[in-house]
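Before any comments, here is the structure.
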Amino acid sequence: MPSVTYRLPDGTEQTFSADEGENLMQVATNNDIEEIVGRCGGYCNCGTCHVYVDEKWADKLTEQSPDEDMMLDGVPAERRVNSRLSCQIKLTSELDGITVTVADTQE
């Protein structure tokens, strides 16, 4: 069971275990992380699950789709090189222990 750590805008961290195949947005909303809105339910069409992936994990992620790239252009928080939509990151055993920082604003 992979785990994921969310670093929240206030500096606190929360770590959860999840099933392989779940995306990071689902894990956050299932565990009441209010800072991840996930308005579209994970369909990559709202940008309200914006996170910054810690650098050491970047090479282990799948490439951004053109749709995700386009959605990230419109997010209200600063877009960075490590910006991703958490709905587009599916947990695998290779991502066990991943840490992401939740963007300070989603809407």
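The values are calculated or read from the model by the stated rules, or taken from the named source; none is laboratory data. None of the values given here were measured: they were computed from a predicted structure. Using ideal geometry, Cβ is built from the backbone for each residue, glycine included, and neighbour counts are taken over all protein chains shown.
Observations, loosely collected:
- Condition check for ASN31 on (1) of a type in the set (S, T, N, Q); (2) without any contact (Cβ under 8 Å) to a residue 40 or more places away in the chain; (3) closer than 14 Å to ARG84 by Cβ: one failure, at (3).
- If you filter the range 81-95 down to residues that are more than 12 Å from CYS49 (Cα to Cα) and either among the small types (Gly, Ala, Ser) or in contact with a strand residue (DSSP E or B) (Cβ under 6 Å, 6 or more places away or on another chain) (or both), you find that the one that is surrounded by the fewest Cβ atoms within 10 Å (Cβ to Cβ) is SER93.
- Summed over the range 71-96, residues that are part of a strand (DSSP E or B) and over 16 Å from THR29 (Cα atoms) total 2.
- Residue satisfying condition, being part of a loop (DSSP other than H, G, I, E, B), of a type in the set (Ser, Thr, Tyr) and either buried (at least 16 other Cβ atoms within 10 Å of the Cβ) or in contact with a strand residue (DSSP E or B) (Cβ under 6 Å, 6 or more places away or on another chain) (or both), within set THR99, THR29, THR48, THR15: THR48
- Here the condition is being within 21 Å of ASP19 (Cα to Cα) and either small (Gly, Ala, Ser) or modelled with pLDDT under 95 (or both); of GLY97, GLY47, GLY74, it holds for GLY97 alone.
- Considering residues of the range 51-70 that are aliphatic (A, V, I, L, M) and touching a strand residue (DSSP E or B) at 6+ places or on another chain (Cβ under 7 Å) only, the residue farthest from ALA28 (Cα to Cα): LEU61
- Residue that is farthest from ALA103 (Cα to Cα), among those in the range 32-45 that are surrounded by 15 or more Cβ atoms within 10 Å (Cβ to Cβ) and small (Gly, Ala, Ser): GLY42
- Filtered residues of the range 92-107 (kept if under 19 Å from GLY47 (Cα atoms) and not hydroxyl-bearing (Ser, Thr, Tyr)): VAL100, VAL102, ALA103, ASP104, GLN106, GLU107
- For the range 57-67, the condition holds for no residue, the condition being that it is in contact (Cβ under 8 Å) with a residue 60 or more places away in the chain and either closer than 14 Å to SER86 by Cα or assigned to a helix (DSSP H, G or I) (or both).
- GLY21 meets the conditions (1) touching a helix residue (DSSP H, G or I) at 6+ places or on another chain (Cβ under 7 Å); (2) under 16 Å from SER93 (Cα atoms); (3) in contact (Cβ under 8 Å) with a residue 24 or more places away in the chain in every case but one. The failed one is (1).
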